[in-house]
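Read through the structure below, which is laid out as C-alpha cells, and then see the notes.
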Amino acid sequence: MENVDYMKLVYEFHNEMLANKFTLVYEGEITHQITKAFTSLAENKMDSYSEDASMKKKVFHVMVECLQNLSKHAEETVAEDGTNFAGNGIFIVGRLDDENQGYQILTGNAVEKTKVVELKALLEKINQLDKDGLKELFKKQMREGSLSEKGGAGLGLIDIARKTGEKLEYNFIDIDDNNSFFLLRTKISRK
Amino acid sequence: MEVIKIKGTDDTPNVILDAESNIIEFSGRSLPEDVVTFYAPVIQWIEEYAKSPNPKTDVIFRLEYFNTASSKILLDILLKFEDILNAGSEVVVQWYFQEDDEDMEEAGEEYSEIVDIPFEMHSY
C-alpha cells in the first residue's frame, strides 16, 4: 500500500511540474559541472524551438548567475536537525504563464540568519533603482568590491536585475533558530 | 618574455599574451569554475610586462560572454594596463562586440568610464 502511495506521489509531482510549467527542477549540490550541464541543456532546448537570440542570452546569463549564487553562497552550516546545507539548493527553470511565453528561474538556499539583514537590504536597494541607478551600483561594486574566497564578486543580483529589467521577487522562510531559507524568483519576459 | 597562449573552452577564454609580437588578446567565453586561479598567471604576466612594456600596447577584447565574477577580474586586468599607461607608455583597449550585442557594447562603455585608458569600440 505504501508503495502505491509513493508511486502516486511521483505522478502528482509530475503533474505539478506540468501544471506550473516547470521544465527543470533540481535539488542538491550545485557544482560547476552541474552549472555547465544545465546551461547547455537549456541552450539546446531553446535552440530546438528556435528561441530568439536575445532571449537565449538572457536565460543563459540569469541561469549562470543564479547557479553561481547557489554554489558560492549556500551556507556551509548544518541545521539543527543535521541537514548539511553546504553548496546545496533548489533550482527551477520554468515558463511564465503569460501570453508572450517568457521564462522564470527560481532558486532556494539556506542562509545564516545573521546574513539575512544585509541580503534583504541589497535586494531592496536593487529593487528601488532604475536602469541608470543599477548601472552605477554595478560599477561601484566592481570598483570597490573584492572577490571572496569562493570567487563571488557581489555583482550577481545586480546583474540579474539589469539584464532582465525586472524587480527581484524574494522571500525568507525560517528553517530554525539560526538559518533561513532564501527564495528568489527571476522573471525573464519578452518585451 | 614568456609567451602565454591559453586555448579557450566553453567556459574559459582564449588568451594570448605575447610581448615580442605585441599581441595581447582575450576572446571567447569567460565563466571559469575558479576565476582567481584561471586569471592568476595572466595578472602575473601583465605585472612582469609592466616592467618593460612596448611603446604602444593594444589590449584586445573579443569576448562573447563573461559572468560577473570574470567582470571583476577583467577590471583588475584593465587597472594593471592603466598603471602601464600612467607610467608613460601608450595603451589602447580594442573592444570588439557582436553587432547586435548591446550588453557587450555597454560592458565596454562601462569599463571605459571606470579606467583612464582610451577605448576603441568595434562591432563585427
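Values quoted throughout were computed directly from the atomic coordinates according to the rules given, and no laboratory measurement underlies them. Nothing here was measured: the structure is a model prediction, and the numbers come from that model. Here Cβ is always computed from backbone atoms with ideal geometry, including for glycine, and neighbour counts include all displayed protein chains.
What is the packing order of peptides B:6-19, B:55-68, taking the mean over residues of other C-beta atoms within 10 Å and listing the highest first?
Working: B:6-19: 16.9, B:55-68: 18.8.
Taking the mean over residues of other Cβ atoms within 10 Å, the ranking is B:55-68, B:6-19.
How large is the Rg to Rh ratio of the protein assembly as shown when both quantities use alpha carbon positions and Rh follows Kirkwood? Show your work: numbers first, answer last.
Values: Rg = 21.5 Å, Rh = 21.3 Å.
Here the Rg-to-Rh quotient is 1.01.
With a cut-off of 19 Å, note down the residues of segment B:10-32 whose backbone N falls inside the zone around a label point 7 Å from the Cα of residue A:32 toward its beta carbon.
From segment B:10-32, the list is B:10-16, B:27-32.
For segment B:2-42, list residues with backbone N below 17 Å from a point placed 7 Å from the Cα of residue B:94 toward its Cβ?
Within reach of a label on residue B:94, which here means backbone N under 17 Å from a point 7 Å along Cα→Cβ, segment B:2-42 contributes B:14-28.
Sorted by packing (mean other beta-carbon atoms within 10 Å per residue), highest first, where do A:52-62, B:86-96 land?
A:52-62, B:86-96
At what distance in nm do the modelled label points of residue A:99 and residue A:81 sit from each other, each positioned 7 Å from its Cα along Cα→Cβ?
Placing both labels 7 Å beyond Cα along the Cβ direction yields 4.4 nm.
So what is the diffusion coefficient of segment A:25-188 in µm² per second by Stokes-Einstein at 20 °C and 1.002 mPa s, using a Kirkwood Rh over Cα pairs?
130 µm²/s
Using a simple charge model, +1 on the beta-carbon of Lys and Arg, -1 on the beta-carbon of Asp and Glu, nothing else, what dipole does segment A:25-188 show about its Cα centre, in debye to the nearest 20?
Working: 22 positive and 28 negative charges, 167 e Å.
I would put it at about 800 debye.
Per the helix-only calculation at 222 nm, which mean residue ellipticity applies to chain A, given -39500 (n - 2.57) for every DSSP H run of n ≥ 4 and division by its residues, nearest 500 deg cm²/dmol? Before the final figure, lay out each step's value.
Values: 6 runs with 95 residues, N = 191.
Only helices count here, giving -16500 deg cm²/dmol.
Relative contact order for segment A:25-188 using alpha-carbon pairs under 8 Å, separation at least 6, rounded to a whole percent?
25 percent
If each of residue A:178 and residue B:51 carries a label point 7 Å out from its Cα toward its Cβ, how far apart are those two points in nm?
With each label placed 7 Å out from Cα toward Cβ, I get 4.8 nm.
From the Cα gyration tensor of chain B, with a ≥ b ≥ c the square roots of its eigenvalues, which class applies: rounded if a/c is under 1.5, or else prolate if a/b is larger than b/c, or else oblate?
The shape class here is oblate.
Please report the net charge: other residues with Cβ closer than 13 Å to the Cβ of residue A:51, K and R +1, D and E -1.
+3
Take the cross-link list A:8/A:72; A:120/A:163; A:36/B:56; A:8/A:187; A:163/B:56; A:8/A:113 and give me the ones stretching past 28 Å between alpha-carbons.
Distance filter (> 28 Å) returns A:8/A:72; A:36/B:56; A:8/A:187; A:163/B:56; A:8/A:113.
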